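Single-structure report; data block below.
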Amino acid sequence: MANVTIATAANWIAEYWSTLLLETLHKNLVLAPLMDRRFEKFGRDGDTIHVPGFAEISATTLTNMTGSLTFSSNTESVTNISVNTLAYAAVKIDSAARVQNSVGEMEMLTGEIGRAVGQKVDTDVGTEMDTFSQTVGTDNVDLTDDNVLRGMQYIDDANADADDRFMAVSPATLGSFRKIDKYMNSLYASSSAALAKGINQRGYVGDIYNLGTHVSTNLPAGSAGTKNMLWHRSAVALVMQKDVSVQRREPHDELAEAIVAWTIYGIKLMRNAVGVEMDGK
């Protein structure tokens with residue numbers, strides 16, 4: 001039986017590090033999984049995805065159920081999703097430092113770069129959501145139940161589907177919500193909310209009015225508070241052209257080991273009418 005060599009062991013180590021990184025990354029992706037990912041299959045090649053669109057068509061009545069038809073005028077449009085961001089995080093440790101230190105820096109740093117890449121993607125998603133033109137609430141003031149209901153009205157007015165509706169709030173705004181009896185009292189759970197029964201998994205903290213509610217520290221900042229967000233999934237598209245991968249390197253002129261995590265993606269506001277900025281804490 002052949003000995004385990006540096007070359008073969010390196011394969012195991014890289015796979016182990018990849019597992020550590022992806023586990024940490026996924027724990028830090030709160031906003032990204034809630035975006036519209038339908039266009040990824042069209043973005044395997046090239047740097048732009050062209051998404052066709054058209055104006056809303058209205059139905060009419062055929063007088064006396066007979067006669068000539070009137071055809072609607074089609075107004076075509078196109079929305080371009082630019083896949084233009086390469087995000088990465090990299091660490092390097094001298095070989096001697098690894099030998100003389102049993103703490104396992106590379107393993108810990110692998111988890112850290114996973115967190116860094118995950119937060120970079122989520123922060124960029126939040127930056128794109130910051131282009132929503134509809135706004136409720138007041139900067140650095142507690143969001144209210146009326147604010148949430150007004151935000152829902154905006155996306156209802158835009159005929160957003162009842163499914164795939166979300167709200168992302170800062171930890172401070174989550175604290176504000178926990179002061180609202182309707183969001184915490186189980187007597188209201190069947191009609192409006194179940195926030196108290198939520199589980200904290202990838203930021204998920206429960207439902208409010210059928211809005212999957214998540215807490216995130218990657219939302220855009222206001223002048224003093226935070227720009228919380230309410231939206232339907234179709235509001236923003238995320239195209240991960242290159243999923244996060246891990247590469248292990250040994251610099252040719254150094255006794256060192258390096259780990260690099262990187263990904264390529266594009267983010268685009270697709271339906272402004274089904275997104276709402278919710279100013280608060």
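A few remarks follow.
- Qualifying residue in region 39-51 (condition: acidic (Asp, Glu), surrounded by fewer than 19 Cβ atoms within 10 Å (Cβ to Cβ), part of a loop (DSSP other than H, G, I, E, B) and modelled with pLDDT of 80 or more): yes
- From the options 142, 156, 161, residue that is over 14 Å from residue 274 (Cβ atoms) and either in contact (Cβ under 8 Å) with a residue 24 or more places away in the chain or outside any loop (DSSP other than H, G, I, E, B) (or both): 142
- Contacts under 9 angstrom Cβ, first residue in region 253-270 being in contact (Cβ under 8 Å) with a residue 24 or more places away in the chain and within 16 Å of residue 111 (Cα to Cα), partner polar (S, T, N, Q) and surrounded by 23 or more Cβ atoms within 10 Å (Cβ to Cβ), 6 or more apart: 259/110; 261/110
- In region 52-86, residue farthest from residue 235 (Cα to Cα) [restricted to those that are in a strand (DSSP E or B), in contact with a Phe, Trp or Tyr (Cβ under 8 Å, 6 or more places away or on another chain) and among the hydroxyl-bearing types (Ser, Thr, Tyr)]: 85
- Residues that are touching a helix residue (DSSP H, G or I) at 6+ places or on another chain (Cβ under 8 Å), over 29 Å from residue 90 (Cβ atoms) and of a type in the set (Val, Ile, Thr) within region 117-170 comprise 131, 136, 155, 169, listed in sequence order.
- The set of residues in region 84-115 being surrounded by fewer than 20 Cβ atoms within 10 Å (Cβ to Cβ) and at pLDDT 85 or above consists of 84, 85, 86, 87, 88, 90.
- Filtered residue count, region 222-260, keeping only those that are within 20 Å of residue 33 (Cβ to Cβ), surrounded by fewer than 23 Cβ atoms within 10 Å (Cβ to Cβ) and of a type in the set (S, T, N, Q): 3
The values are calculated or read from the model by the stated rules, or taken from the named source; none is laboratory data. This one's a predicted model, so the numbers in the text were calculated from it and none came from an experiment. A quick note on method: Cβ atoms are made from the backbone with ideal geometry, for glycine too, and the neighbour counts reach across all protein chains shown.
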